[in-house]
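Below is one structure, written out as structure tokens, with a few remarks after it.
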Amino acid sequence: MSDWNLPWTGACLCGQVRVRVTEAPVFASACHCRACQKLTGGAYSLSLMLPASGLEVEGETEIGGLHNPVPEHHFCPSCKTWLFTRGIAGGAFVNLRPSLLEDASWVVPYADTGVADRLPGVQSGARVGYPAFPPVEDYAGLMEGYARDGARPA
């Protein structure tokens, strides 16, 4: 897919951890659940789901958030920026926080998750929404829709 203009680079707030994206995302979402609100300090957590092999990380990270073995929420040990989450779909995917990218101006979520907890007045621009996480059987269709209609970098 040449329309993705890969690779992309980015970093945490202090620059101690750098990332390089080499494979196109398969899905973009905004999670409105209370845990994501607390982890981000914002209205929702914006994520690009990538094949795990498509994310290169330079610098040490630390596990934070709920300190679960799966999923693992990786943070910068210095500035505490939430970077990415490993362990998605048995480790096949990683959820990257696109705000790390040098240019995230194009990122629009395809789906909202956790909308049962969405704060009043918050809109992400997503095409579809789910009260919690989508059922496993919906992901193939969501990924197909994102591949066809999802936002791309200019």
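Summary table below
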item: Evaluation of residue 61 against (1) farther than 16 Å from residue 15 by Cα; (2) in contact with a Leu (Cβ under 9 Å, 6 or more places away or on another chain); (3) not basic (Lys, Arg) (one fails), failing number; result: (1)
item: Qualifying residue in segment 6-22 (condition: part of a loop (DSSP other than H, G, I, E, B) and of a type in the set (Phe, Trp, Tyr)); result: no
item: Qualifying residue in segment 88-105 (condition: touching an Asp or Glu at 6+ places or on another chain (Cβ under 7 Å) and either closer than 25 Å to residue 143 by Cα or β-branched (Val, Ile, Thr) (or both)); result: no
item: Residues being of a type in the set (A, V, I, L, M, F, W, C), under 24 Å from residue 92 (Cβ atoms) and touching a residue at least 40 places away in the same chain (Cβ under 8 Å) - total across segment 2-46; result: 14
item: Residue count for segment 48-103, restricted to those that are of a type in the set (Lys, Arg) and touching a residue at least 40 places away in the same chain (Cβ under 8 Å); result: 1
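Values in this text are rule-based calculations from the coordinates and carry no lab data. From a predicted model like this one, the values you see are computed outputs, not experimental measurements. All Cβ positions, even for glycine, are placed from backbone atoms using ideal geometry, and neighbour counts span all protein chains on display.
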